[in-house]
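Undergrad: I am attaching a structure below and will ask some questions about it afterwards.
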Amino acid sequence: MTVVLVRYFAGARAAAGGVREEEILASSLDGLSEALTERHGERLAVVLKAATFLVDGLTCHDRQAALRPGATVDVLPPFAGG
């Protein structure tokens, strides 16, 4: 497990109760999603299932990939519009 900084945007922020950013222990994006769901509840879990994750500014599709200590993970929910 490693400490990562999570930053929430748009609907993800709302689902996390208005939290903009927080530190949490996680070893992968799957582990991060589990820990965030435990902390904030099912409403955030729904958003996380559809979210895009940026790890240190790069899109990460492998939810099993190891997170490095001190990584910044941006949680971007699906956006509407065009």
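The values are calculated or read from the model by the stated rules, or taken from the named source; none is laboratory data. What you see is a predicted model, and the numbers here were worked out from it, not measured in a lab. For neighbour counting, all protein chains shown are included, and Cβ atoms are generated from backbone atoms with ideal geometry for every residue, glycine included.
Undergrad: Applying the selection to segment 46-82, what residues are without any contact (Cβ under 8 Å) to a residue 40 or more places away in the chain and among the aromatic types (Phe, Trp, Tyr)?
TA: 53
Undergrad: Need a quick list: strands (runs of 3 or more DSSP E) entirely within the chain having at least 2 residues that are among the aromatic types (Phe, Trp, Tyr) and at pLDDT 95 or above.
TA: none
Undergrad: Only residues that are charged (D, E, K, R), in contact with a helix residue (DSSP H, G or I) (Cβ under 7 Å, 6 or more places away or on another chain) and under 19 Å from residue 70 (Cα atoms): list them for segment 6-48, please.
TA: Passing the criteria: only 20.
Undergrad: Quick test of your reading of the structure: residue 13 fulfils all but one of (1) among the basic types (Lys, Arg); (2) loosely packed, with under 14 Cβ neighbours inside 10 Å; (3) out of contact with any Ser or Thr (no Cβ under 7 Å at 6 or more places or on another chain). Name the failing condition by number.
TA: Condition not satisfied by residue 13: (2).
Undergrad: Just need a number here: residues in segment 30-52 that are in contact with a strand residue (DSSP E or B) (Cβ under 6 Å, 6 or more places away or on another chain) and surrounded by fewer than 20 Cβ atoms within 10 Å (Cβ to Cβ).
TA: The total comes to 2.
Undergrad: Moving on. Which of the residues spanning segment 16-40 are of a type in the set (Ser, Thr, Tyr) and either touching a residue at least 12 places away in the same chain (Cβ under 8 Å) or at positive phi (or both)?
TA: Within segment 16-40, 27, 28, 33 meet the criteria.
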